[in-house]
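Here's the structure we're looking at; comments come further down.
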Amino acid sequence: MEKAFKTIKKPFTIIQGTARNQPSHDLLVEDKRLSLKTETGAGTDAERISITKLCTTEREPWAADVLIGRTLEHLGRYDIILMLRAIWERPMIHYQLLEIPVEILKLIRTAELRAVGSRKRRQSLGADVYLGNDMLFHVHFDGSDGKCQIRNLHVRSCAMLLGWDLLVSD
């Protein structure tokens, strides 16, 4: 992504990468902190987005208010979240480049987390997140690996920046 920005940069564009695997933005472009996400695989839905690792919240205490607070703190590190998706429908791969609104994800603060699953030890917590009567997405805090996941975020809730298809030959 950094190389793409450098390729298309205008004379005033400032692009700065950051250290890998750090809990901060991935790229700084004109003072905007960007997080870069990807989604691909056989189960990728053309209309619904999954973020398998929004952030890691593996430290204790494993309590709803603490997990939500850590996630909101993490989201506060970004101005823009970009996602590159690949939807496989042989013989085509449909690519989507989306901007996921940080403010929509911050609605996690309204989630009423409940225990889900059958783990005996640190139990996973999850909730649907609503705006009014509209279900926006499902947030899931995985008790086994400490990750915050987003499921079923509708593509129409995001800004589609670019879409293109690639024909794959067998």
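For a straight C-alpha distance cut-off of 15 angstrom, the aspartates and glutamates reachable from Lys106 (same-chain residues fewer than eight places away being disregarded) are Asp65, Glu73, Asp79, Asp128.
3J(HN,Hα) along the stretch 94-101: 9, 9, 9, 10, 10, 9, 8, x Hz, from the Karplus curve 6.51 cos²θ - 1.76 cosθ + 1.60 with θ = phi - 60°, whole Hz, x for Gly and Pro.
Every number here is computed from the coordinates shown, using simple stated rules; none is lab data. No experiment lies behind these values; they were computed from the predicted model shown.
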